[in-house]
Every structure is written in C-alpha cells, then in structure tokens.
Amino acid sequence: MASPGGAIARALHHLPHLRQLALKGVIKDDRTVRSISTLLRSTPGLDVLTLSLVRPQKPKPYYLGIDSDDDEDDYSYSDDDDAAAALDTRVRLPPALWEAQVECLQRLRKMKLLNYKGTPCERMLARFLLSKASALQQLEVTLPAKTAKDRVKKLTDELRFWRADNRTRLLYFV
C-alpha cells in the first residue's frame, strides 16, 4: 500500500519542471503569502502563474439543539469588512519576504490574478510578485463585478506602480 507521503514526494519531484501553475485559495495572512513564496522557490522553470483568490466562507449555522435566531450566534460576516480593511493605503512586506530570492519570478512571462479584491493580504502578495517579476510580459487582473469605479482606479494604479518592468502589459476585467 502506498503512503500519502510517497505521493507528495512524487509530486514535489516534478515541481522544478513545471511551466504553468494555478493556485486557488484564501490569502488570509502574511504566512499564506510566505508559503506561496516558498512554493514558488521550488518551481524555477515557471512561465505562467494563475492565482484564483477565494473569499472566506461564511460560517454555517449551528443546528444541534440551538435555534439559529438566538442571540448566541453573534458572528456577522460582511464583504464590507474586507473593503474597509483594504482602504489602508500602506502595503508592507515582511523583511524576510522582501529579501526572498524567487528564481521563477525572474523568468515568469504571464500572471493572472482572478477575483482580486485588494484586501491587505492580497495586495501584499501582488506587490511581492510584481516587484520581483522582472521579465513579466502580461498581467491579467479580474476584479469582482461589484467593485466601485474609484476603487478600480486605485487598485489599477497601485498594480501599475508595483510592476518591476514598465513594459509589462496590464489587462483588467470587471
């Protein structure tokens, strides 16, 4: 019987040969950004990177003996929470991340950011990737449909400013 560790080891063996990589998930904190950086260090031949950014799921109601209308469930989730947090104009990269050498970013040709809302952690990841991607030819950014026009302008200006090469073509979709 094969162990799960063996499957992981076989998958890791192929990372240096990857040409395209698609990642999907929630960017919840700077540790997630550092984990992505670590993974990218293992893929020196990468040409295309796609990041599908997912929103955290709302908690599911607790139905075991408690009425969901009770006052005990005081958690409220709102997309406005993400938007309010994203209004902070500073994007600070941890020193360890800023100093990280990621070989694939020096040859990466195309990057896609799907469902980019501009939360602080998403912005940290975007700044890290764009500032290190010196050979990037094209960046495709898909913003959520409900994004306000002034917010779209702020995010696009920010991404344009962070790119390492001014010749990088930026494409935005709303």
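Pick from segment 13-41 the residues that are in contact with a strand residue (DSSP E or B) (Cβ under 9 Å, 6 or more places away or on another chain) and touching a residue at least 60 places away in the same chain (Cβ under 8 Å): which of them is surrounded by the fewest Cβ atoms within 10 Å (Cβ to Cβ)?
If we take residues in segment 13-41 being in contact with a strand residue (DSSP E or B) (Cβ under 9 Å, 6 or more places away or on another chain) and touching a residue at least 60 places away in the same chain (Cβ under 8 Å), then THR32 is surrounded by the fewest Cβ atoms within 10 Å (Cβ to Cβ).
Taking LEU170 as meeting all but one of (1) touching a strand residue (DSSP E or B) at 6+ places or on another chain (Cβ under 9 Å); (2) exposed (fewer than 15 other Cβ atoms within 10 Å of the Cβ); (3) assigned to a helix (DSSP H, G or I); (4) among the hydrophobic types (A, V, I, L, M, F, W, C), write down the number of the exception.
That leaves (3) as the condition not met.
Please go through (1) under 26 Å from PRO16 (Cβ atoms); (2) without any contact (Cβ under 8 Å) to a residue 60 or more places away in the chain; (3) among the charged types (D, E, K, R); (4) out of contact with any helix residue (DSSP H, G or I) (no Cβ under 7 Å at 6 or more places or on another chain) for ARG169 and return the number of the only condition it doesn't satisfy.
(1)
Checking the conditions here, which among LEU136, LEU105 is modelled with pLDDT of 95 or more and either buried (at least 16 other Cβ atoms within 10 Å of the Cβ) or in a helix (DSSP H, G or I) (or both)?
Result of the check over LEU136, LEU105: LEU136.
Tell me the residue from PRO120, PRO44, PRO56, PRO95 that is at pLDDT 90 or above and surrounded by fewer than 17 Cβ atoms within 10 Å (Cβ to Cβ), please. Quick ask: steps written out before the conclusion?
On the way: PRO120 fails: surrounded by fewer than 17 Cβ atoms within 10 Å (Cβ to Cβ); PRO56 fails: at pLDDT 90 or above; PRO95 fails: at pLDDT 90 or above.
Every option except PRO44 fails the conditions.
Have a look at PRO44, PRO56 and point out the one that is farther than 28 Å from GLN137 by Cβ and either touching a residue at least 60 places away in the same chain (Cβ under 8 Å) or not in a helix (DSSP H, G or I) (or both). Let's see the steps before the verdict.
Numbers: PRO44 fails: farther than 28 Å from GLN137 by Cβ.
After ruling out the rest, the residue left standing is PRO56.
Might you check whether a residue that is under 17 Å from the mean Cα position of the chain (by Cα) and within 19 Å of LEU46 (Cβ to Cβ) occurs anywhere in segment 144-160?
No - not one qualifying residue is present in segment 144-160.
Being surrounded by 18 or more Cβ atoms within 10 Å (Cβ to Cβ), part of a helix (DSSP H, G or I) and among the charged types (D, E, K, R), is that true of even one residue in segment 140-162?
Scanning segment 140-162, I find no residue that is surrounded by 18 or more Cβ atoms within 10 Å (Cβ to Cβ), part of a helix (DSSP H, G or I) and among the charged types (D, E, K, R), so the answer is no.
Give me the pairs: first residue in segment 149-163 and under 13 Å from LEU129 (Cα atoms) and in contact (Cβ under 8 Å) with a residue 24 or more places away in the chain, second residue among the basic types (Lys, Arg) and buried (at least 16 other Cβ atoms within 10 Å of the Cβ), beta-carbon distance under 6 Å, and six or more apart or on different chains, which are they?
Final answer for the pair search is TRP162/ARG127.
Search segment 108-121 for residues being outside any loop (DSSP other than H, G, I, E, B) and out of contact with any helix residue (DSSP H, G or I) (no Cβ under 8 Å at 6 or more places or on another chain), and hand back the single one that is nearest to LEU53 (Cα to Cα). Don't jump to the end; show me each part of the working.
Here is the first cut: in segment 108-121, the ones outside any loop (DSSP other than H, G, I, E, B) are 110-114, 120-121.
When the remaining residues are screened for being out of contact with any helix residue (DSSP H, G or I) (no Cβ under 8 Å at 6 or more places or on another chain), the result is 110, 112, 114.
On the way: LYS110: 17, LYS112: 10, LEU114: 6 Å.
Once the filter is applied, the top-ranked residue is LEU114.
The values are calculated or read from the model by the stated rules, or taken from the named source; none is laboratory data. Keep in mind the model is a prediction, meaning the values are calculated, not measured. Cβ coordinates were reconstructed from backbone atoms using ideal geometry, including for glycine residues, and neighbour counts include every protein chain displayed.
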